[in-house]
Amino acid sequence: MAFKKLSGNKPPKKTACQSGCCSPASEPSIDPKPAATLDCCPPPSPAVATEPGCSCCSEEPPVRPVAEPEPACECCTGADAVSTTPALAACDCCTDTVHPVGAQTTPSKASTLTSTFTVDGLDCADCAAKLEKGINKLTGVMEANVNFATAKLKVIYDQVALQPAQIEKAVSSFGYQAALIPAAGDPASPQQSVFQIAGLDCGDCAAKLEKRVAALAGVVSAKVNFAAGKMTIEHTTPVADILQAVKQAGYQAERLPAGPRRPEAKAAWWANRRTQATLVSGVILGLATVLEWLSYGDTVLIPLYVAAAVIGGYNAAKSGLYGLRSLTFDMNFLMTVAVIGAAAIGEWSEGATVAFLFSFGNTLQTYTMDKTRQSIRALMELAPPEALVRRDGVEEKLPVEEIVIGDIIIVKPGERIAMDGIVNSGLSAVNQATITGESLPVEKATGDTVYAGTVNEHGALEIEVTQIAANSTLAKIMHLVEEAQAQKAPSQQFVDIFAKYYTPAVLLVAAGIMVLPWLLFHQPFTPWFYKGLVLLVISCPCALVISTPVSIVSAIGNSSRNGVLIKGGAYLEQMGGVQAIAFDKTGTLTHGRPVVTEIVPLAEKNQQELLSLAAAVEKWSEHPLAVAIVEKAKPLPLQTATKFKALVGRGAQADVNGQTVFVGNRRLFEELGLSLKQTQAAMVQLEEQGKTVMLIGSAQTLWGLIAVADTLRDNSKDAIRKLRQAGMKHIAMLTGDNSRVASSIAKTLTLDAYYSDLLPQDKVATVQRLTQEYGTVVMVGDGVNDAPALAAANVGVAMGVAGSDTALETADIALMADDLGKLAYVINLSRKTVAVIKQNIGFSVLIKILFVILTFFGYVDLWLAVLADMGSSILVTLNGMRLMQRIH
C-alpha cells in the first residue's frame, strides 16, 4: 500500500462495554452456584425452566452488580418481598401467581394483546429485572417479561386499559428507549400515516403541534415537517382522534394516500378562511379607527374593536388555549394573553390592533412559506398524470397508477416521459435536467434508460416500463427531498433547545414585571402591566425558530433542481467546512471502463488489421481489457476465430484465417522466444502513463502493440480546479490500482496525494487518518463499491446515482449525473446557507434585544411590538428564500 503524508496515529480501539453488575469480581463472570440451590426456588422442572420472567429460577444463574449486591429478583429474598410490596406482581416461579393489589378483574380474551418491544440501553441483568418489575406494576399489565440476552420486553396486557405508546413511555421513565416490534396480524401494531397540515405558519407552532400529537394515547411517534407542511405519525389510535386533536390545536389536517400524490390546485389567496378573517378584521379595525378620529364614543367603538379582535385573533386564541390545557406555550398563547391583557386594562384599540397585525403577519408568512415549499410541488408536477399505453395492439391513455411493469408507453416529440423505462424502439434526445441537472439533451436509442419527468426533445419513443409510478426515480427523489428537509441541522437543534427554555422564562419575567413593581415598590399597576404585555409579544421566538429551517429548505430545494440530492441539513452545513476531499479513482475520476488509446504497428500489419485480428481473438474472452478491444473494433469487418484458448496470466490465442494469433503480455511473447527490444522503449513510455500494454503477433513475428487505459473523465481536471478555487486544502485519490497508474493520474490532475494498492478496509483506515489530520473530510465514490469508505467520512458523496437505489441509500449527498463539477457548487451552496442562517439568527436576536430595551424606556407600544415580531419573521423567511436563487 502506497501513501503520502500520513501520520501513523490510529483512532482509539473501541472496546465492548463491560458492566460491573455481573459479579463482585472486577471482571464479568457468571455465578457458578446452580440456580436450583437458591432457597426460594424449587428444583428445576420443565415448567420452571421455561418461565422467562425470573432469571433466578431458570437454568441461567443470576447476575449481580458490584455496586448493588442485591439478588436479581426480589422473589428470591423471601416472602416478605411480596407481602410488603402491595403493587408487586411476584415471579410465578417462586410462589403462586400474585397480581397487583386492587387490580381489575381479568379482561376478556378479546381485549388481551401480546406485544414485544426492543429495549435500547439495557446493559445489566439486575436492571432488566427492575424494569420487568416496574412494567408489571402498570395498570392493565397481566404479565411482563424482560429478556436481558435479547434486550426485548414481552408484555401481555389489556388493550382497553393500556396502549403500546404508554408502555414505551413507562420504559423511558426507567432511562431506556423502547420500540414496538410490529407483528403480522396484530391490531396493536402501529401503522404510519401522513397528513397535510393547513395553517402551519410558524416553526415554533410546528414543534408544539408535534409534541401535542405525540402525547396522544396510541401514538408511537409523531414528526411534523414544517418545511413541507406535513406530519408523519406511527399510531394505533384511530385517525379520527388524530384529526380531532389537530383541529383542536387550531389547524386542519388531511390524511394523504400512500405513494406519491399529485398536488391539487391551491385555492386563490383570498379564498382562504384565515385570509378572509384577516381582511374582515382589518376592515373593522380601520372603520373603528376612523370613527375614533371622528370622536365617536366608547358605545360605538368598543364593540367594533372587540369584533376586530375576535375575528382576527380567533385562530390564535383557539390554538393558544389548547396549548394552555397541555401546558405547551407558543406564540399563539403569548398573543392571546397580550390581547386579553390589553382589553383588561381598557386598551381596546391596542388589543384589536395586536390581533389584526398578528393575523396579517401569519397570512404573509404562510404565503412566503408556500413559495418555499413550491420546490417539492414543482417536482411532483414534472411527471405527467397519464401516458399513452399500447396493450394487445390497442393504444389508450391511462393514469400512471394503472400502468404496470412491462407495459409499452409511447412518447411523442415534445412530451414528458411519464414512467421509468428502457427504450424499446426509436431514437431521440432527452432533456434529463430535472433528474441529473445536465443542461444538454442526451441521445437515447434502443436499450437506453429513461426517467419519468424528463422531456423527449425530438423523435417518437416506445418505452418498456421498468418501475411503477410510486417507485420511479423522480418519486424517490421527491421522498428523499422531503425527508432531507425534515431533518434538523445542528444549528436548528441548538435553536430548538434554546426556544424550549426561552418561552417559559419569558413568561416568568413578564409576569414579574407586571406585578412585582406594584407589589414591592408601590408603582402604578397599569403601566407595568402594559410593559409586561409588550415584553410577551416582543419576546416571541418565532423568527429565531424559523431562521434555520427556511434556509435549509430553500437550499435543499435549490440543490435538487441542480441534480444534487442532499440528505439533510447536517450534511449541508458540514460541506461548507470541509478541509480535505478524497476521491476514489475507478468510475469517479476515471470513466471506470478501459478503452483502447494507442495502436502501434511494428511489422507486416497496419492499425486496422492489428485491431481486427486482436478483436477476433478477444471476442471469446470476458476480461475487461478484451472487452475494450472488441468495442473499439465494432466498425471493422468481423473476422472468424476458432480454437480459442485462454492462457492464464499471459493472454489468449486463437486461429484466424488458418494462422494462430497470440494476444497477451510481455511474458507470453518471451515464452514464444520473440525479441522485445524494438518495443521496449514504447512499452515503458506507455506504462509510465498508466496504460496497460498488450502485444499481438504470431509464433514467429511480433506485429505490434495495443495500449488500453481507464481514461480520465472530461471534467475531472476542471472539477479539481474549481475545488482549489473554493479553498480546498488537501485533495487526494484512493485506489486499489498499482502505484504506477495512480502516480500518473495524480500528476495529471495535480493532486496533493495518492494512496494506491488499497483494499476496502485500507480505504476506511485512510479516510480515518485524513479525518484526524484535517478535521472534516469528504469521500467521493460510486456509492456501491465504496460504501465503507463513504460511511467512514464526515460526508459521503456518491456520483452518477440516477437509477441506482443502493447508491441513493448509501450516500449522504448524491450527484445524479457524473459531473464532479457539482462538488464545488455544493460547497459554495453550503457556505452561503451557513452565512444566511447566521444572518437570520443574529438579526432575530438583535431585534429582540433592541425592542426589549426600548420597551423598558416606554418607546414601544403593543402594536409596534407585534409589527416588529411578525416583520422580523417575514424578513428572516425572505432572506432564507434567497437560497432558492441560482448559485455558482
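Here are a few things to note about the model shown:
- Among the candidates ALA316, ALA307, ALA277, ALA343, residue that is buried (at least 23 other Cβ atoms within 10 Å of the Cβ) and either among the polar types (S, T, N, Q) or assigned to a helix (DSSP H, G or I) (or both): ALA316
- Whether a residue is among the aliphatic types (A, V, I, L, M), modelled with pLDDT of 90 or more and under 27 Å from the mean Cα position of the chain (by Cα) was assessed, and VAL826 passes this test.
- Here THR806, THR711 are screened, and the one residue that is more than 23 Å from ILE566 (Cα to Cα), modelled with pLDDT under 90, of a type in the set (Val, Ile, Thr) and out of contact with any Leu (no Cβ under 9 Å at 6 or more places or on another chain) is THR711.
- Some residue of segment 751-768 being among the aromatic types (Phe, Trp, Tyr), at pLDDT 90 or above, surrounded by fewer than 19 Cβ atoms within 10 Å (Cβ to Cβ) and not assigned by TED's automatic domain parsing to the domain that holds ALA628: no
- Residue count, segment 728-743 (criterion: surrounded by fewer than 23 Cβ atoms within 10 Å (Cβ to Cβ), in contact with a helix residue (DSSP H, G or I) (Cβ under 7 Å, 6 or more places away or on another chain) and either in a loop (DSSP other than H, G, I, E, B) or of a type in the set (Gly, Ala, Ser) (or both)): 2
- Taking first residues from segment 765-782 that are under 14 Å from MET733 (Cα atoms) and partners that are among the aromatic types (Phe, Trp, Tyr), the Cβ contacts under 7 Å between residues at least 6 apart in sequence or on separate chains come to THR766/PHE3; THR766/TYR755; VAL780/PHE583.
- Of all residues in segment 143-161 being buried (at least 21 other Cβ atoms within 10 Å of the Cβ) and modelled with pLDDT of 85 or more, the one that is farthest from VAL119 (Cα to Cα): TYR157
- Entry remark, segment 528-579: residues being farther than 15 Å from VAL495 by Cα and assigned to a loop (DSSP other than H, G, I, E, B) number 8 in total.
- Pair list, Cβ < 6 Å and 6+ apart or interchain, from segment 712-739 residues that are closer than 16 Å to MET779 by Cα and charged (D, E, K, R) to residues that are crowded, with 17+ Cβ neighbours inside 10 Å and at pLDDT 90 or above: LYS729/GLN579
Conditions tested, residue by residue: (1) at pLDDT 80 or above; (2) of a type in the set (Phe, Trp, Tyr); (3) within 25 Å of ARG273 (Cβ to Cβ).
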residue: ASP186; (1), (2), (3): no, no, no
residue: GLN192; (1), (2), (3): no, no, no
residue: PHE195; (1), (2), (3): yes, yes, yes
residue: ALA198; (1), (2), (3): yes, no, yes
residue: ASP201; (1), (2), (3): no, no, yes
residue: CYS205; (1), (2), (3): no, no, yes
residue: GLU210; (1), (2), (3): yes, no, yes
residue: ALA214; (1), (2), (3): yes, no, no
residue: VAL219; (1), (2), (3): yes, no, no
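- Each residue in segment 420-430 was checked for being more than 16 Å from ILE408 (Cα to Cα) and either crowded, with 18+ Cβ neighbours inside 10 Å or touching a residue at least 40 places away in the same chain (Cβ under 8 Å) (or both), and 2 of them qualify.
- Some residue of segment 358-365 being surrounded by 18 or more Cβ atoms within 10 Å (Cβ to Cβ), at pLDDT 90 or above and not basic (Lys, Arg): no
- Only one of ALA511, ALA582, ALA603 that is of a type in the set (Gly, Ala, Ser) and in a helix (DSSP H, G or I): ALA511
- Counting only strands (runs of 3 or more DSSP E) wholly contained in segment 641-726, the ones carrying 1 or more residues that are among the hydrophobic types (A, V, I, L, M, F, W, C) and surrounded by fewer than 16 Cβ atoms within 10 Å (Cβ to Cβ) occupy 641-647.
The values are calculated or read from the model by the stated rules, or taken from the named source; none is laboratory data. Quick caveat, the model's predicted, so the values are computed rather than measured. Note that each Cβ is placed from the backbone with ideal geometry, even for glycine, and that neighbours are counted across all protein chains shown.
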